[in-house]
Amino acid sequence: MEELKILQKTEQLHEARWWEAEANGRVHCYLCPRHCHIGTGQAGFCFIRINQEGKLYSLGYGSPAALQVDPIEKKPLNHFLPGTRVFSMGTAGCNMGCFFCQNWDISKSRADQVRSQPVPPEDVPLLALKYGCESIAFTYNEPTIWGEYIIDICKEARKYGLKTVMVTNGYITYDAFHDIYDHIDAANVDLKAFTENFYGKITLTHLQPVLETLAWLKKETPVWFEITNLMIPTLNDDPAETRKLAEWILTHLGPDVPLHFTAFHPDFKLQDKPRTAPRTLDQARQTGLEVGLRYVYEGNIYSEGANTYCPQCEELLVRRSWHDVLENHIKNGACPKCGLAIPGVWTNDTRGKRLSKQNALSAAKLYAHLNL
């Protein structure tokens, strides 16, 4: 436990939510489907939820390991405040064990193995304002595991008319789902494959809980969400699997949920796989469109498949280059040519409620050492 204590950069340990005491000082964490049963002095699979003397604490609370200003398209979100900046943050740890993780330096680390610094929830929206952001994204590692911090940040963000975004693997229990997502405006969910074999062997988790999360988002929340499928050669890029994935989305979520097929590059424990060929992404996109999905994108490559087109008249609505928006012709949430309403969040309707930026000036001084 002494080693774990140095992970926490805040003044005191923050007691976690979503747990119950068990015999012999153990605790049961039911935040995610792993349902870790954690002994005294030990951490759960995610590294940052620890049992100290029979209570569960979150080492991620108020202790981000990564802070960055990104274009919202990098999340990726193509139908949510296009062309705006998002204040992105993450902590250490993760509740999946993906062999291909592209942020493994923090997601596969305990907090004592990364540089983190104390940032209380009330300062996060001030930093977002300082850097001209319209929203705050919880990203880089799995944000579910620091849900307590997220909830408190969201409450503060509302005061300034800032939107909030989850970039998530979707691995969460129903016990915690509404506690967190009732505060969230948008999400991008990684649907990493469409076979249990891939999830079990390559992510060390299961597929079904992710599908359930997607269904909850659709049926039980107003959260705008999009889906990303990172296509890894020979592991999850079979055309038949791609079709089944697209058909499931159409049947259970509807035709208007944007789907992003994105390119893999060798990383972490999957150094032996090649980069995804652009042709693979193009074929996947065509499959999604053939199935009946209206907004299917290609990502991590330069492609016209990154653009948004009107599904009714095929008018070019948003032209993109990688994560940059070059043209945006959507007017009042609709196609300017035929008038079809385009699903998404195109303006920040809470911006007018934003409080004075005076406090942001104070944050600018307090965090002057940050160069984002």
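Observations on the structure shown:
- Tabulated pairs, region 42-57, first outside any loop (DSSP other than H, G, I, E, B), second among the hydroxyl-bearing types (Ser, Thr, Tyr), C-beta under 9 angstrom, 6+ apart or interchain: ARG49/TYR57; ARG49/SER58; ILE50/TYR57; ILE50/SER58; ASN51/THR40; ASN51/TYR57; GLN52/THR40
- As for region 58-78, it holds no residue that is open to solvent by 30 Å² or more (accessible area, probe 1.4 Å), of a type in the set (Ser, Thr, Tyr) and part of a strand (DSSP E or B).
- Residues of region 235-264 satisfying the condition of being more than 19 Å from the chain's Cα centre (by Cα) and closer than 12 Å to PHE100 by Cβ: LEU235, ASN236
- Filtered residue count, region 126-144, keeping only those that are touching a Leu at 6+ places or on another chain (Cβ under 7 Å), modelled with pLDDT of 95 or more and crowded, with 23+ Cβ neighbours inside 10 Å: 3
- Beta carbons closer than 7 Å, at least 6 apart along the sequence or on distinct chains, pair a first residue in region 338-355 that is modelled with pLDDT of 65 or more with a second that is among the polar types (S, T, N, Q) and in a loop (DSSP other than H, G, I, E, B) for CYS338/GLN312; LEU340/GLN312.
- Scope region 158-178; condition assigned to a helix (DSSP H, G or I) and buried (at least 24 other Cβ atoms within 10 Å of the Cβ); matching residues: none
- Scanning region 184-203 for residues that are hydrophobic (A, V, I, L, M, F, W, C), touching a residue at least 40 places away in the same chain (Cβ under 8 Å) and in contact with a Cys (Cβ under 8 Å, 6 or more places away or on another chain) turns up just one, ILE202.
- Region 237-295 - residue that is among the hydroxyl-bearing types (Ser, Thr, Tyr) and at pLDDT 95 or above and, of those, most open to solvent (accessible area, probe 1.4 Å): THR251
- Residue list for region 324-335, restricted to those being assigned to a strand (DSSP E or B) and of a type in the set (A, V, I, L, M, F, W, C): VAL325, LEU326, ALA334
- Filtering region 202-242 to residues that are hydrophobic (A, V, I, L, M, F, W, C), part of a loop (DSSP other than H, G, I, E, B) and touching a Lys or Arg at 6+ places or on another chain (Cβ under 9 Å) leaves LEU207, ILE232, LEU235.
- Region 318-338: number of residues that are open to solvent by less than 50 Å² (accessible area, probe 1.4 Å), over 11 Å from ALA306 (Cα atoms) and either in contact with a His (Cβ under 9 Å, 6 or more places away or on another chain) or not hydrophobic (A, V, I, L, M, F, W, C) (or both): 2
The values are calculated or read from the model by the stated rules, or taken from the named source; none is laboratory data. What you see is a predicted model; the values in this text were computed from it and never measured. Note that we place each Cβ from the backbone using ideal geometry, even for glycine, and neighbour counts take in every protein chain shown. These area figures cover heavy atoms from the full protein model, side chains too; ligands, DNA and RNA do not enter into them. Shrake-Rupley method; radii C 1.70, N 1.55, O 1.52, S 1.80 Å.
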